Amino acid sequence: MSKWLFSDFDGTIEIYSNPEITKKNAEFLKKWVKDGNKLVLASGRSHRSLRNKATELGLKPDYFVTNNGSCTFKYDGTELERIFISKEDRDEIINSMLKYEKNSNIVYVVNEGKFGFTLNDDSDQHESIVGTFFENGIDREKALFEVKNREDLYGVYYILSKSHGGHPILNEYDNNKNLKVIYTSKRLIEIMPSHVSKARGVEIISKIENIDIANIYSAGDSQNDIEMLRHTNNSFAMRDGHEDTKLAAKNVIDNLHDIKNYI
């Protein structure tokens, strides 16, 4: 019977500081599929972005779980689910954006991608932050209008200049049961619907494919992977990942390709 691997992408498959590890991870995944197993990529990226990154590495997953679990797609692009932030929570989100706009880097995410609200970064990370998160520019008034009115708001990002530097936004929504605020990478904090997680994608695909939980493997490195790791029995956290993520996993490994030693 086929095994299913649900894997995070950034920091788990692709290691930007070590292309050689990325190559080994990709080769492991190609062999995983060649051996008759199934692959699902689960990421905070949009469907288009994640699909493009998979193509760059020569990967052909069976499904994509994107936007941290807001969307689930078959490989052929068939959409299975899409979840947005409720309109009733938009005013609270906008109030926070205005509150922190003078000292934060903030973008919002809709179907077309990421769009900038404010950029206040003069660190050595400036070029990387602009290239990764502000490729569509900055338009303050458009941002306020679209966060308030667009149906397809997936989330709002607060980008840190330093990894795990902290931000008061982390505690901003403690009393709002509809939203959660978590690290989705070492320098990225995201506001998203509280019931959205990569584990939701695991549940949807498991029902469609009638997968036995014993045959599901999961891997990740960040806080947005925690629910997915807890949901599966064969879970793996990257050793240089977030401490909470390592606590949530059954196993801690150096690199994704080390899963082969546990099969």
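The criterion of being surrounded by fewer than 21 Cβ atoms within 10 Å (Cβ to Cβ), more than 14 Å from the chain's Cα centre (by Cα) and touching a residue at least 60 places away in the same chain (Cβ under 8 Å) does not hold for E141.
Given the criterion charged (D, E, K, R), touching a helix residue (DSSP H, G or I) at 6+ places or on another chain (Cβ under 7 Å) and buried (at least 16 other Cβ atoms within 10 Å of the Cβ), identify the matching residue among R200, R187. From the options R200, R187, the qualifying one is R200. So which residues in segment 1-59 are surrounded by fewer than 16 Cβ atoms within 10 Å (Cβ to Cβ) and acidic (D, E)? Within segment 1-59, E20, E27, D35, E56 meet the criteria. When we screen Y173, Y154, Y158 for residues that are over 17 Å from the mean Cα position of the chain (by Cα) and in the same structural domain as S104 (by TED's automatic domain parsing), the only hit is Y173. For segment 225-263, filtered to residues that are in contact with a Leu (Cβ under 9 Å, 6 or more places away or on another chain) and among the hydroxyl-bearing types (S, T, Y), the residue that is farthest from N68 (Cα to Cα) is S235.
Looking at the structure I just gave you, is D174 in a loop (DSSP other than H, G, I, E, B) and free of Cβ contacts under 8 Å to residues at least 12 places away in the same chain? Considered against the rule, which asks whether it is in a loop (DSSP other than H, G, I, E, B) and free of Cβ contacts under 8 Å to residues at least 12 places away in the same chain, D174 comes out as yes. Taking the conditions (1) farther than 26 Å from K38 by Cβ; (2) of a type outside the set (S, T, N, Q); (3) touching a residue at least 40 places away in the same chain (Cβ under 8 Å) in turn, L247 satisfies each one other than (3). Residues of segment 214-225 that are over 20 Å from D258 (Cβ atoms) and modelled with pLDDT of 95 or more: A214 alone. Selection within segment 34-67: residues that are acidic (D, E) and in a loop (DSSP other than H, G, I, E, B). The member of this set that is farthest from the chain's Cα centre (by Cα) is D35.
The values are calculated or read from the model by the stated rules, or taken from the named source; none is laboratory data. This one's a predicted model, so the numbers in the text were calculated from it and none came from an experiment. All Cβ positions, even for glycine, are placed from backbone atoms using ideal geometry, and neighbour counts span all protein chains on display.
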